[in-house]
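The values are calculated or read from the model by the stated rules, or taken from the named source; none is laboratory data. The model shown is predicted, which means the values in this text are computed figures rather than measured ones. Here the Cβ positions follow ideal geometry from the backbone for every residue, glycine too, while neighbour counts run over all protein chains shown. Quick note on the areas: whole protein, heavy atoms, side chains included, nothing else; ligands and nucleic acids left out. Shrake-Rupley method; radii C 1.70, N 1.55, O 1.52, S 1.80 Å.
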Amino acid sequence: MKDLLLIALYAFAGACAAGLLGAVVLRLLRRRSVAVVLTVVAAVAVTAMLAGTLVVAWAMFLSAHDLKVVTLVAAMAAVVSLATALLLGRWVVAGSRALTLAARSFGDGGSFAVPGGAATAELSDLGRELAATSAKLAVSRERERALETSRRELVAWISHDLRTPLAGLRAMSEALEDGMAADPERYFRQIRTEVDRLNSMVGDLFELSRIHAGALTLTPTRISMYDLVGDAMAGADPLAREHGVRLVGGLVEPVPVEVDGKEMTRVLANLLVNAIHRTPADGTVAVAAELRAGSVVLSVTDGCGGIPEGDLERVFDTGWRGSEARTPPAGAGLGLAIVRGIVEAHAGRAAVRNVTGGCRFEVTLPAALTLALIHI
């Protein structure tokens, strides 16, 4: 037993010496290729075995012939091990270079494709993760391009809409200043109307900027859908009378909801105003609220005649107003964008579809919040 312990001690001492030397070499070569590192590791393993064997052979006073045989066997094992490590290293390096080239095109704005050929499990996993990240970035780039296009359109549209009332205000103020106004009171009323339009437009822009910045703070309270719809319809009734449009709200269930009453009233008001403006005289705008599939659905149906199929996906975009003439009653095209922003802040969704004689906007909130909004 004592001899075995001595042999183990001698072998351990020789292997430790080779291991320490290998650790120093690995530290010096830590920034080199993985092929070099793998070769060094294989060399350390073989050297540790050889050192331990030689120390034990020396301690046991083996003959020169036996010592030469042991050394030759260890040397052959070293050659095979180093060759295997070198081949493995070159294989891993080739896979890493292919992955690097693919990632380089990915970084230059292109898409990432997983390199073909066999690779280690780790490199394969890394390739799959990079491919998934590439797909997500492609979606993000497309969304960013769409947002940038929307911003440019919004700036152009808002500039156009601001120019018209400002030019009118300037002309009326100059006429009043020069004493050329035949009916000053009418000019004052018109100036007040234009100022109210500008104030409404600025308010919409501020609300939209809060939504886009994620700064919209909600204060959910428990409120009856019947009361929410009733208040919104009461506020929109004068506008409906002015346009000769009938407001109908007989299919509203008094279900309770937990929402920010102020923001959701604005959502419903925007939908009602939009429906009234798009419905011809003697038309009808119908409001309904019901429980559907665990959600509360609020619907507003108008008689606009429908929206072209190609425009349905853009209805909620900032500044979108379709192909109609850009007249002042059309607004700045921010109302429906605000609707979507507020509803999504309530963890809901907004959609639109055509129905017979008009269109329907659908906004649905999860059952946990018990609110859904649909504009028909």
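Karplus-based coupling profile of the stretch 92-102, in residue order and whole Hz: 5, 5, 4, x, 5, 5, 4, 5, 5, 5, 5, with θ = phi - 60° in 6.51 cos²θ - 1.76 cosθ + 1.60 and x standing for Gly or Pro.
R0 = 35 Å: FRET efficiency of E177 with R152, Cβ-based, nearest 0.05? Before the final figure, lay out each step's value.
Numbers: r = 37 Å, r/R0 = 1.05.
The computed FRET efficiency comes out at 0.45.
Annotation: T53 carries an accessible surface of approximately 50 Å², with a 1.4 Å probe and no ligand, DNA or RNA atoms counted. Computed from phi, the 3J(HN,Hα) profile of the stretch 39-48 under the Karplus parametrisation 6.51, -1.76, 1.60 (θ = phi - 60°) reads 5, 5, 4, 5, 5, 5, 4, 5, 5, 4 Hz, with x in place of Gly and Pro. Carbon-plus-sulfur accessible fraction, the stretch 185-273 (probe radius 1.4 Å, protein heavy atoms only): 55%. Stretching R210 away from R186 to a fully extended chain increases their span by 5.0 nm, per 0.36 nm per residue minus the current alpha-carbon distance.
Across the stretch 183-191, coupling constants 3J(HN,Hα) worked out from phi with the 6.51/-1.76/1.60 Karplus curve, θ = phi - 60°, read 10, x, 4, 5, 5, 4, 5, 5, 4 Hz, and Gly and Pro carry x. Near the amide H of V363, within less than 5 Å, lie the amide hydrogens of L298, A351, L373, I374, H375, all on another chain or at least 5 residues away, with H placed in the peptide plane.
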